[in-house]
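This report concerns only the one structure given below.
Computed from the coordinates by the stated procedures, all read-outs in this text should not be read as laboratory data. This structure is a prediction, so every number in the text was calculated from the model and none was measured. Every residue, glycine among them, receives a Cβ derived from its backbone with ideal geometry; neighbour counts consider all protein chains shown.
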Amino acid sequence: MNEVDNETREKIEKIADLLIQSKNAVILSGAGISTESGIPDFRGPDGLWTQMDGNEMDLASIDGFERAARGEGSSNLLDLLQPLIEKLMTARPNRAHKAVGKLYKMGLIKAVITQNIDNLHQRGGARNVIEVHGTYKTATCMGCKKKYSFEQLIGMVMEKGMFPPVCKECGNFIKPDVVFFGESLPPIAVAKAMEYSKTCDLMLVLGSSLVVYPIAMAPNLAKQAGAKIVIINNEQTDKDHLADIIINESLGVVMPLVLEAVQRKMKSSS
Ligand SMILES: [Zn+2]
């Protein structure tokens, strides 16, 4: 119970009240919610992307992928992706994902907009997850658009020792459904995210530094529509000036306390 100071505890109580009072609360999550599950914050100070040199950045771009598909530098791209793939396969939802999942099941959250590709919100119990940077769980043939599961994709990569693998139906290359550098975001997911932002009455920003556009605009849209904004992140964000409540603490500590406060308040009022 003494995990947070009194000031933070008061803020947690207020967040719980806001969640109970709201009719259309949405969550906007970023890499910070998954770091406690062992998924690196790609763009953070120690992140995979930040540490990359220009050559590696180039490999992880959509151009790099297309070159790999033409057989140029295919093994380098696989080497680069391997540590990330291993982390995604072994990661488990943490206390913050599970608290969000419970709040969703209680009907207190309408949607989870996430910049993460790791599927951990779904595994933590949340539904209506809008994945604006795609997901690692599926892949799509660049020719006939046939869908493959991650497991099928990995099986084909192992079998042939080649990345990307080739579609069984049409012979075109199969691309994971994650957004590569230089690639545009999935338009339907972005449109949905913006619509939820414009119509919500409460937005909880969890573990996003709010620097990647267009999603970094979502709190602005919510604020303009009159929503309350709560930001919980390890460090300052670019949108702190919009927030009604800011907590700079670990999400794995704060979110279970928010859930606990909500459950206590709802029990005492029923
Ligand atoms: Zn195909």
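What to note about this one:
- For region 178-254: Kirkwood Rh in Å [reciprocal of mean 1/r, alpha carbons]: 13.1 Å
- Convex hull volume of region 8-157 per residue (C-alpha atoms, cubic angstrom): 132 Å³
- Charged-residue dipole, Cβ positions (Lys, Arg, Asp, Glu), region 126-270 about Cα centre, Debye nearest 20: 500 debye
- Set the Cα radius of gyration of region 119-160 against 2.2 N^0.38 Å, with N its number of residues, and you get 1.38.
- Anchor Lys14: lysines whose Cα lies under 17 Å away (excluding residues fewer than 8 positions away in-chain): Lys23, Lys228, Lys265, Lys267
- By the compact-protein rule of thumb, 2.2 N^0.38 Å, the alpha-carbon radius of gyration of region 138-270 corresponds to a ratio of 1.45.
- Working note: Cα gyration tensor of region 174-213, eigenvalues times five, square-rooted, sorted largest first, giving semi-axes of 23, 14, 9 Å.
- Relative protection proxy for 24-30, 257-263, from highest mean packing down: 24-30, 257-263 (other beta-carbon atoms within 10 angstrom).
- Cα gyration tensor shape for region 72-183, rounded if a/c is under 1.5, else prolate or oblate: prolate
- CD proxy at 222 nm, helix term only [per DSSP H run n ≥ 4: -39500 (n - 2.57); per residue of the chain; nearest 500]: -13000 deg cm²/dmol
- Proximity of backbone amide H atoms, modeled 1.01 Å from N, is registered between Ile130 and Val112, Ile113, Thr114 at under 5 Å, excluding neighbours fewer than 5 places apart on the same chain.
- Share of pairwise Cα separations in the chain, more than 26 Å, in percent: 43 percent
- Per-residue HN-Hα couplings for region 57-68 [Karplus 6.51, -1.76, 1.60; θ = phi - 60°; Hz; x = Gly/Pro]: 4, 5, 4, 7, 8, 5, 5, x, 5, 5, 5, 4
- Lone cysteines, the chain (no partner Cβ under 4.7 Å): Cys200
- When DSSP beta bridges are restricted to pairs lying wholly in the chain, around 30% turn out antiparallel.
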